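Peer 1: Please find one structure pasted underneath; my questions will follow.
The values are calculated or read from the model by the stated rules, or taken from the named source; none is laboratory data. All values reported here derive from a predicted model rather than from experimental measurement. Here the Cβ is made from the backbone with ideal geometry for all residues, glycine too, and neighbour counts use every protein chain on show.
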Amino acid sequence: MYKEIWQNIYKSICSITFLKDDDRIASGTGFKVNNRLVTNYHVIQVPIATHVQLRFVKEDGNTDYISKKISLSEFLTKQVDSMPVDNWDYAIFDLDWPEFNTIPSLNLCVGDDFHIGQSVVLFGYQFGQPNLSIHSGILASRFVNDGVKYLQLDASVNQGNSGGPLINPNTSEVIGIVTRKNTGLTGQFDELLKSFDYNIQALERASKGGRIQMFGIDPIEGMKISQTQMAKISIEIRNSANVGIGYAYELEKVRQGINR
């Protein structure tokens, strides 16, 4: 079954990589619907980027089929609709460059003919890797929070899956947009990273009062470097940790945006 789903879906999944000059700084996943690219709004929030690489792969999931590098400013001019991270968290772009005309479109489910406990499949470029991955799981729950309709997944959702399609394997239709994983410690990691930021800011204020050296070393600069390194390590641990729970958004608003 999954081989057939792969065959039906892989051609339509886009790797979205943000570059600062030629250095990769962030990435996510998107998918083609009609002549448009759908992803999460939070995926495109990379203001320091200079360029965007849009890439579709061949059947092996790794070899380039079509790849196009454009400036961030040009990419953002193609945005036709979006809703912010604290809402339905999606963004839709015109994908009207001629290179992408041969990319097939996925079909969005028309209603909500899917059920808690059924199998689901998700696609994405995890951890910024160049290879496309497929994962399976079940639809564990459906709920509404502040008017937004969520799908809770018992599936392996990782960094980089954001913006990818959630597929009903019975129909090969898109039933949601994968948005994030749940590590079980998300709130604690956020508080830890805030404390690192606070400490670094405090050290920067202290350094303005004058510098001292001990054995040729500035202790304040040393502590700033230590806090920065610990923050980076914490981010990597947060991104890699996974308890097999993720979330997706239903397509109610995306269907409206695609038809604009």
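Peer 1: (1) closer than 21 Å to residue 66 by Cα; (2) in a loop (DSSP other than H, G, I, E, B); (3) not aromatic (Phe, Trp, Tyr): which one isn't true of residue 134, the others all being true?
Peer 2: (2)
Peer 1: Considering each residue of segment 104-131, count those that are assigned to a loop (DSSP other than H, G, I, E, B) and farther than 30 Å from residue 53 by Cα, and give that number. Give the derivation first.
Peer 2: Of the residues in segment 104-131, the ones assigned to a loop (DSSP other than H, G, I, E, B) are 104-107, 109-118, 125, 129-131.
Next, from what is left, pick out any that are farther than 30 Å from residue 53 by Cα: 110-118.
Here the count works out to 9.
Peer 1: Of the numbered conditions (1) surrounded by 17 or more Cβ atoms within 10 Å (Cβ to Cβ); (2) β-branched (Val, Ile, Thr); (3) closer than 17 Å to residue 5 by Cα, residue 138 fails exactly one; give the number of that condition.
Peer 2: All conditions are met except number (1).
Let's see how each residue does on (1) assigned to a strand (DSSP E or B); (2) assigned by TED's automatic domain parsing to the domain that holds residue 251; (3) touching a Phe, Trp or Tyr at 6+ places or on another chain (Cβ under 9 Å):
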| position | (1), (2), (3) |
| --- | --- |
| 27 | yes, yes, yes |
| 49 | no, yes, yes |
| 69 | yes, yes, no |
| 74 | no, yes, no |
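Peer 1: Taking into account only those residues within segment 1-58 that are small (Gly, Ala, Ser) and out of contact with any Lys or Arg (no Cβ under 8 Å at 6 or more places or on another chain), which is modelled with the highest pLDDT? Lay out the reasoning, then the answer.
Peer 2: Residues of segment 1-58 small (Gly, Ala, Ser): 12, 15, 26-28, 30, 49.
So of that shortlist, the ones also out of contact with any Lys or Arg (no Cβ under 8 Å at 6 or more places or on another chain) come out as 26-28, 30.
Details: 26: 91, 27: 93, 28: 94, 30: 97.
Taking the candidates together, the pick is 30.
Peer 1: Which of (1) farther than 30 Å from residue 151 by Cα; (2) in contact with a Pro (Cβ under 9 Å, 6 or more places away or on another chain) is the odd one out, the single condition residue 71 does not satisfy?
Peer 2: Single failed check for residue 71: (2).
Peer 1: Among the residues that make up segment 95-114, is at least one of them at pLDDT 95 or above, among the small types (Gly, Ala, Ser) and surrounded by fewer than 17 Cβ atoms within 10 Å (Cβ to Cβ)?
Peer 2: yes
Peer 1: Within segment 8-15, identify whether any single residue is more than 24 Å from residue 98 (Cβ to Cβ), touching a Gly at 6+ places or on another chain (Cβ under 6 Å) and not aliphatic (A, V, I, L, M), and answer yes or no.
Peer 2: Of segment 8-15, the ones more than 24 Å from residue 98 (Cβ to Cβ) are 8.
Still in the list and also touching a Gly at 6+ places or on another chain (Cβ under 6 Å): none.
For segment 8-15, residues more than 24 Å from residue 98 (Cβ to Cβ), touching a Gly at 6+ places or on another chain (Cβ under 6 Å) and not aliphatic (A, V, I, L, M): absent.
Peer 1: Checking residue 9 against (1) among the aliphatic types (A, V, I, L, M); (2) under 18 Å from residue 69 (Cα atoms); (3) outside any strand (DSSP E or B): exactly one of these is not met. Which one?
Peer 2: Residue 9 satisfies all of (1) among the aliphatic types (A, V, I, L, M); (2) under 18 Å from residue 69 (Cα atoms); (3) outside any strand (DSSP E or B) except (2).
Peer 1: Residue under question is residue 107, and the condition is that it be polar (S, T, N, Q) and touching a strand residue (DSSP E or B) at 6+ places or on another chain (Cβ under 7 Å); does it hold? Working first, answer last.
Peer 2: Details: polar (S, T, N, Q): yes; touching a strand residue (DSSP E or B) at 6+ places or on another chain (Cβ under 7 Å): yes.
Against the criterion (polar (S, T, N, Q) and touching a strand residue (DSSP E or B) at 6+ places or on another chain (Cβ under 7 Å)), residue 107 qualifies.
Peer 1: When residues of segment 31-85 are filtered for being touching a helix residue (DSSP H, G or I) at 6+ places or on another chain (Cβ under 7 Å) and either of a type in the set (D, E, K, R) or free of Cβ contacts under 8 Å to residues at least 24 places away in the same chain (or both), how many remain?
Peer 2: So the answer is 5.
Peer 1: How many residues, within segment 152-166, are surrounded by 21 or more Cβ atoms within 10 Å (Cβ to Cβ) and out of contact with any Phe, Trp or Tyr (no Cβ under 7 Å at 6 or more places or on another chain)?
Peer 2: 6
Peer 1: Hey, does segment 46-57 have a residue that's crowded, with 18+ Cβ neighbours inside 10 Å and either under 23 Å from residue 251 (Cβ atoms) or hydroxyl-bearing (Ser, Thr, Tyr) (or both)?
Peer 2: yes
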